[in-house]
Amino acid sequence: MVPAGCQSADELHLAEQPLAAPGPGEVRIRVMACSINYRDQLIARGAYFGGPLTAAGTPLSDGAGVIDAVGEGVTSLQPGDRVQGTFFQDWLSGPPTPLMGDALGAPPAAGMLADTVILPERGVVPMARSLSFAEAATLPCAGVTAWNALFCGIRPLQSGASVLLIGTGGVSVLALQLAKAAGARVIATSSSDAKLERMVALGADMTINYRAEPEWGRKAAELAGGGGVDHVVEVGGPGTLAQSMQAVGFGGEIALIGVLSMAGDTSPMPMMVKGASLRGIFVGSAEMARDLNAFVGQHGIKPAIGKVFAFEEAPAAYAWQASPDLFGKVVIAQQEG
């Protein structure tokens with residue numbers, strides 16, 4: 001549980017709750033694995049939208065498991081199905097709307113870091129059969145975000161296109177794996193040469209150490225050729241946006257995702273002459289989650305997991321996810337059996 005007014009992941013604690021039965025239109029999931037996103041760090045610090053939590057609840061938006069009970073009227077799912085929760089419970093398809101519903105993991109909304117979770121039928125999607133529960137747990141937020149960024153804009157990613165990734169966190173590493181499966185050329189950036197080597201091992205074609213190359217946006221445009229990068233997966237936010245606008249090419253797109261660095265030059269003028277666009281990304285819909293799982297299964301993609309922690313080690317998992325050691329996704333897994 002995460003308490004009301006929480007300001008640190010160290011305040012997380014275990015709490016026993018009675019086993020509830022799913023109501024009409026609901027399913028109960030025996031959660032086997034969860035993963036942590038940067039958003040979860042903000043929630044635990046009381047720094048997410050709306051400030052400190054006003055109610056206690058269960059953290060984490062991302063989880064995968066097995067349905068063990070269904071409520072009256074459920075038709076598309078049954079006990080034994082291997083599933084994931086969706087980030088937004090009411091965003092089923094199409095563009096975002098004001099009616100997307102609760103986002104999991106931000107109390108009082110439901111969260112996935114529990115033995116069992118009850119969700120509406122519409123807020124659950126089948127996981128790719130090729131994935132373990134730990135791998136599937138990495139996709140609901142970071143995976144769908146990367147999918148939306150690359151494939152759901154006005155010019156979906158095509159083979160031969162160029163992609164620029166910032167850093168080596170969950171979204172960026174999953175975006176690398178998706179982009180390479182689609183036949184794209186990928187430029188990866190990091191301040192760590194060791195992490196860049198790991199990105200190359202996963203398929204990155206070119207790398208830039210942005211600490212050694214302060215004008216990394218221009219460098220990325222040169223490496224991409226043809227006037228610049230076709231797709232920029234911008235997870236940094238205002239602090240890196242100016243460089244991303246230098247990197248993006250003619251008719252290219254910057255998928256604006258991140259809030260890691262809030263101070264910086266955000267003037268859009270560098271994009272004007274290039275006819276480039278800037279599209280805001282806030283995860284995605286259930287339809288995107290289904291399309292992502294189908295693509296992952298078709299291409300045999302195995303999400304990169306940096307480290308796995310036991311359920312009772314959740315605070316340590318939070319700490320590792322916030323550390324400089326982070327690469328890919330951090331998973332909290334239940335012991336099977």
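The values are calculated or read from the model by the stated rules, or taken from the named source; none is laboratory data. A quick note: this is a predicted structure, and the numbers were derived from the prediction, not measured. Note that we place each Cβ from the backbone using ideal geometry, even for glycine, and neighbour counts take in every protein chain shown.
Of the candidates ALA47, ALA33, ALA69, the single residue that is within 25 Å of ILE281 (Cβ to Cβ), in the same structural domain as VAL308 (by TED's automatic domain parsing) and over 16 Å from the mean Cα position of the chain (by Cα) is ALA47. For the stretch 208-222, which residues satisfy the criterion of being surrounded by 18 or more Cβ atoms within 10 Å (Cβ to Cβ) and of a type outside the set (D, E, K, R)? Listed by number, the residues that qualify are ILE208, TYR210, TRP216, GLY217, ALA220, ALA221.
Among the residues making up the stretch 78-95, a single one is aliphatic (A, V, I, L, M) and more than 18 Å from LEU113 (Cβ to Cβ): LEU92.
Applying the criterion of being touching a helix residue (DSSP H, G or I) at 6+ places or on another chain (Cβ under 8 Å) and part of a loop (DSSP other than H, G, I, E, B) to the residues of the stretch 185-207, the residue that is surrounded by the most Cβ atoms within 10 Å (Cβ to Cβ) is ALA204. So is VAL173 β-branched (Val, Ile, Thr) and assigned to a strand (DSSP E or B) or not? It is false that VAL173 is β-branched (Val, Ile, Thr) and assigned to a strand (DSSP E or B). Among the conditions (1) surrounded by fewer than 21 Cβ atoms within 10 Å (Cβ to Cβ); (2) under 25 Å from PHE327 (Cα atoms); (3) not acidic (Asp, Glu), PRO59 misses just one, which is (1). Inspection of the stretch 245-256 finds a residue satisfying the criterion of being under 16 Å from the mean Cα position of the chain (by Cα), outside the structural domain of ALA322 (by TED's automatic domain parsing) and on the phi < 0 side of the Ramachandran plot.
Residues of the stretch 100-124 that are without any contact (Cβ under 8 Å) to a residue 40 or more places away in the chain and among the small types (Gly, Ala, Ser): GLY101 alone. Determine if the stretch 35-56 includes at least one residue that is within 16 Å of PHE311 (Cα to Cα), loosely packed, with under 15 Cβ neighbours inside 10 Å and either in contact with a strand residue (DSSP E or B) (Cβ under 6 Å, 6 or more places away or on another chain) or free of Cβ contacts under 8 Å to residues at least 12 places away in the same chain (or both). Within the stretch 35-56 (the criterion being within 16 Å of PHE311 (Cα to Cα), loosely packed, with under 15 Cβ neighbours inside 10 Å and either in contact with a strand residue (DSSP E or B) (Cβ under 6 Å, 6 or more places away or on another chain) or free of Cβ contacts under 8 Å to residues at least 12 places away in the same chain (or both)), the answer is no, since none of the residues qualifies. Could you please let me know if GLU26 is surrounded by fewer than 12 Cβ atoms within 10 Å (Cβ to Cβ) and not assigned by TED's automatic domain parsing to the domain that holds VAL173? Spelling it out, it is not the case that GLU26 is surrounded by fewer than 12 Cβ atoms within 10 Å (Cβ to Cβ) and not assigned by TED's automatic domain parsing to the domain that holds VAL173. Just one residue in the set ALA103, ALA142, ALA128, ALA110 is within 12 Å of ILE29 (Cβ to Cβ) and small (Gly, Ala, Ser); that residue is ALA110. Restricted to helices (runs of 4 or more DSSP H) entirely inside the stretch 229-324, those with at least 2 residues that are of a type in the set (Phe, Trp, Tyr) are 314-321.
Which of the residues that make up the stretch 73-126 are of a type in the set (Ser, Thr, Tyr) and under 21 Å from the mean Cα position of the chain (by Cα)? Working first, answer last.
Going through the stretch 73-126, the residues of a type in the set (Ser, Thr, Tyr) turn out to be 75-76, 86, 93, 97, 116.
The answer is THR86, SER93, THR97.
Exactly one residue out of VAL171, VAL186 is in contact (Cβ under 8 Å) with a residue 24 or more places away in the chain and either assigned by TED's automatic domain parsing to the domain that holds LEU77 or out of contact with any Ser or Thr (no Cβ under 7 Å at 6 or more places or on another chain) (or both): that is VAL186.
Looking for whichever is surrounded by fewer than 22 Cβ atoms within 10 Å (Cβ to Cβ), closer than 12 Å to GLY284 by Cα and either out of contact with any His (no Cβ under 7 Å at 6 or more places or on another chain) or among the charged types (D, E, K, R) (or both) here; the options are LEU92, LEU139. Which one fits? Walk me through it before giving the result.
Working: LEU139 fails: surrounded by fewer than 22 Cβ atoms within 10 Å (Cβ to Cβ).
Of the residues listed, the single one that is surrounded by fewer than 22 Cβ atoms within 10 Å (Cβ to Cβ), closer than 12 Å to GLY284 by Cα and either out of contact with any His (no Cβ under 7 Å at 6 or more places or on another chain) or among the charged types (D, E, K, R) (or both) is LEU92.
Find the residue count for the stretch 127-143, including only residues that are in a loop (DSSP other than H, G, I, E, B) and more than 12 Å from the chain's Cα centre (by Cα). Walk me through it before giving the result.
Step one: filter the stretch 127-143 for residues in a loop (DSSP other than H, G, I, E, B), giving 127-132, 137-138.
Subsequent filtering for residues that are more than 12 Å from the chain's Cα centre (by Cα) retains 127-132.
Total meeting the criteria: 6.
Per-residue answers, yes or no, for (1) farther than 16 Å from THR138 by Cα; (2) surrounded by fewer than 22 Cβ atoms within 10 Å (Cβ to Cβ); (3) at pLDDT below 95:
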residue: ARG290; (1), (2), (3): no, yes, no
residue: ALA294; (1), (2), (3): no, yes, no
residue: HIS299; (1), (2), (3): yes, yes, no
residue: VAL308; (1), (2), (3): no, yes, no
residue: PRO315; (1), (2), (3): yes, yes, yes
